[in-house]
Amino acid sequence: MENELKIDPRLVEEFLNFSKNIAEAPKLVAAPDEIILETTPHDVAYTEDKVRLLHYKPLTSTQNKVPLVIAYAIINRHHILDIHPKKSWVRNLLEQGIDVYMIDWGSPTNIDKYLDMDDYVNVYLDHCVDFVKHESGTDNVSLQGYCTGGTLAAIYAALHPKNVKNLVATAPVIDGWKDTTVVSNIAKHVDVEKMVKTIGNMPPEFMYYCFSILKPFEQGLEKYINFFRNIHDENYVDNFLRVEKWLGDTPPIPGELFKQWIKDIYQDNLLIQNKMYVGGKQISLKNITMPLFTQVAVGDHLVSPECSMPLHYAVGSEDKTLRMYPTGHVGMIASSFSQKKVLPELSQWLKERS
């Protein structure tokens, strides 16, 4: 028949293989929460309330004199920076002779809903820095902040410049009005006063919703299609499940901290204008005069490059470096590209200034 439908046999074969992979998945793959991360050995050096300061054990005979304190983001968990031995941000720095500490903000509960930016910057972060200074016998530390942790680190450096020898801002949220991401667009139009008054702490479910609509097809249907296509590739499956485990482990955000974050940074954009107040003190980015290294990902879908780059131009530092990498938000800190390009540049920059 002239109008007979012809089906490409290759499509039939692909469909059958795909269906077979789905059927075999339960026998081949563990659930993400069953994955055990081979985290780099560390001690819990200091605790305060729910906050922990981790100190990683050295992997070289000698270390840089100036220790590095990493302020992780207030979203998700710090182990994305130690997600796999071959893609670990922490392990790479240790192998380069950097003495590494990491702040784990913990899991806030209802009793913590009144914690605000002042508590995170002038209490928890400041106390962690003081502890490291005392333990290492140094007058100041190198401070790195990732994502929202980069914002906290920048605010801390502006308020306590004598405590920070070098500042590293990795995908920081700085100029909220220039952030064109879905997260920013939601933040600019949400009634955050009403949300916090009604809910209290911002629950993980809200963050899952925000993540799910960032790239609906790529982060939803497409990634699972690719997963089942590669179900027999052990390396692919292992990496996939590690990231899924991280994505599914999101603690609540204290209500007052969340409210101040949304209003001051996204809605009113006070930080870049030097009009933001934390603990009753005005934040001027011009007070950041120490060496600054700003790391930006061109393909970042969580923090627009245009949102991070203004930090480079707003500070008072004479020694400042801006690097833009052809990768994404997570690719900049947990990928083979990060190991080969981003981290060697950072380690060299720190060594020259420590």
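Quick note: the coordinates plus some simple rules give every number you see, no bench work behind them. As the structure is a prediction and not an experimental result, all values here were calculated from the model. A quick note on method: Cβ atoms are made from the backbone with ideal geometry, for glycine too, and the neighbour counts reach across all protein chains shown.
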Legend entry - Packing-based exposure ordering (other Cβ within 10 Å, fewest first) of Thr181, Thr40, Thr47: Thr47, Thr181, Thr40
Legend entry - Residue order, fewest to most surrounding Cβ atoms within 10 angstrom, among Met117, Met195: Met195, Met117
Inset, instruction - Rank these for me by crowding, Val182, Val303, Val278, going from fewest to most other beta carbons within 10 Å. - result: Val182, Val278, Val303
Inset, instruction - Give, in nm to one decimal, the length gained when the segment between Asn110 and His134 is fully stretched (0.36 nm per residue of separation minus the Cα-Cα distance). - result: 5.4 nm
Inset, instruction - List the equivalent ellipsoid semi-axes of segment 32-352 in whole Å, largest first, each obtained as the square root of 5λ for an eigenvalue λ of the Cα gyration tensor. - result: 27, 26, 19
Inset, instruction - Rounded to whole Hz and in sequence order, give me ³J(HN,Hα) for segment 339-354 from the Karplus expression 6.51 cos²θ - 1.76 cosθ + 1.60, θ = phi - 60°, writing x for Gly and Pro. - result: 5, 8, 10, 5, 5, x, 5, 5, 4, 5, 4, 5, 4, 5, 10, 10
Inset, instruction - Assuming a ≥ b ≥ c are the square roots of the Cα gyration tensor eigenvalues, decide whether segment 53-168 counts as rounded (a/c under 1.5), prolate (otherwise, with a/b larger than b/c) or oblate. - result: oblate
Inset, instruction - Return the ratio Rg/(2.2 N^0.38 Å) for segment 276-354, where Rg is computed over Cα atoms only. - result: 1.23
Inset, instruction - Note down the nm distance, to one decimal, between modelled labels 7 Å out along Cα→Cβ at Gln282 and at Glu234. - result: 6.1
